[in-house]
Every structure is written in structure tokens, then in C-alpha cells.
1. Count neighbours as other Cβ atoms within 10 Å of each site's Cβ, and list the trypsin sites (Lys or Arg not before Pro) in segment 1-94 that are DSSP loop with at most 11 such neighbours.
2. Please give the contour-minus-distance gain from Thr69 to Thr99: 0.36 nm per residue of separation, less the Cα-Cα distance, rounded to one decimal in nm.
3. Taking R0 as 30 Å, what's the FRET efficiency between Arg26 and Asp133 from their Cβ-Cβ distance, rounded to 0.05?
4. Taking the dipole about the Cα centre of segment 1-40, with the C-beta of Lys and Arg at +1 and of Asp and Glu at -1, give me whichever of Ala19, Ile37, Phe6 is farthest to the positive side.
5. Please list log₁₀ I(q)/I(0) at q = 0.31 Å⁻¹ for segment 96-147, using the Debye equation with identical point scatterers on the alpha-carbon positions.
6. With unit charges on the beta carbons (Lys and Arg positive, Asp and Glu negative) and the dipole taken about the Cα centre of the chain, which residue among Ser46, Gln101, Ile138 sits farthest to the positive side?
7. Cross-chain or 8 or more residues apart, Cα under 26 Å: how many lysine pairs in the chain fit that? Count them up, please.
8. Please state the charge dipole magnitude for segment 3-147, taken about the Cα centre, from unit charges on C-beta atoms (+1 on K and R, -1 on D and E), reported in debye and rounded to the nearest 20.
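The values are calculated or read from the model by the stated rules, or taken from the named source; none is laboratory data. Just so it is clear, the model here is predicted, and its values are computed rather than measured. Here Cβ is always computed from backbone atoms with ideal geometry, including for glycine, and neighbour counts include all displayed protein chains. Remember, those area values only see protein heavy atoms, side chains included, never the ligands or the DNA or RNA. Shrake-Rupley method; radii C 1.70, N 1.55, O 1.52, S 1.80 Å.
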Amino acid sequence: WDKPAFKKLIQRKRCILPADGFYEWRKDAAGKQPMRIVLRNSSLFSMAGLYDTWLYPDGQKLSTCTILTTDANELMEPIHHRMPVILKQEDEQAWLDRTFQDRERLSQMLMPFSADELRAYPVTTDVGRVSFDEPACIEPLADDSTP
């Protein structure tokens, strides 16, 4: 809400980005370990986003979007200080409804998602290479002991 660039977008240009997981890098003594974060029930979820279309002087359009972030929940805190805003399924329709302008209710949707409903596990460091597009990107490392 506070960033000037988001003030108008949050009123009229809200979107959702469907996902089955996201990655964040945890710093430890060995360096950075990529972690995959998913719902415990392995279902898809929606991240809250904003979009916009910019018009260049030559008339060319550039469409952009951003995923909103919030403070980390208890699961994410040891991994990173923030996390994407994951919408509750029952909030998705209101988030997408341009006529819905209840500022207090929209703010409540931007809170950290329940840590009890998420699971994090380490994955191969190859996930950081754009050219690496293999199933290993989502497979837990063999020594995964993360709950």
C-alpha cells in the first residue's frame, strides 16, 4: 500500500499468479542452499500480484507484473526475511474483483500465509541455472530431513 508505484495498481490492477511452489535461497555455512516451498497438500496456490502495461513513445506496449511480498512466517524466517503473499482460496475472487475496494480486508489478504500449511525442502543448486530445466528442480535432495 505504501509504495507510490503500487497505490493505483492495488485499486484496479490486481492479479493472481498460480504456482505449485516457489524457491528461496537459505544462507548457511556451506553457502546458499535453494529451498522449494510448497503447500503440504501439494495443491496449486495463488500468489497475489499486480500488473501494468506501459506505452513507449513509439506506441509499443510493455506488459509487466510483480508478485507482492510480505514478512516471513515461522517456516520462512530461517530461510528468508520475506515471502510471497499467498492468497487463501476463499480470497481469490475478491482479490481479482476490481469493484472490491475494502482497504482493511485487502490489507488482511497481504498477511503471511500459515506456516502449518507449507513445507520447505532443499533442492539441487542447479535450480539457479536458467538453462537447467529438469525434474531435479522440484525433487528433494536425497538427505532431506526437513519436515
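1. Values: sites: Lys7, Lys8, Arg12, Lys13, Arg14, Arg26, Lys27, Lys32, Arg36, Arg40, Lys61, Arg82, Lys88; in loops: Lys13, Arg40, Lys88.
Those that pass, being in a loop and sparsely packed, are Arg40.
2. On the way: separation 30, 0.36 × 30 = 10.80 nm, distance 2.29 nm.
Length gained between Thr69 and Thr99: 8.5 nm.
3. Values: r = 22 Å, r/R0 = 0.75.
Efficiency computed from Cβ-Cβ geometry: 0.85.
4. Phe6
5. Calculated log10 I(q)/I(0) at the listed q: -1.16.
6. Gln101
7. Step by step, the pairs that qualify in the chain add up to 9.
8. Details: 19 positive and 22 negative charges, 165 e Å.
Roughly 800 debye, rounded to the nearest 20.
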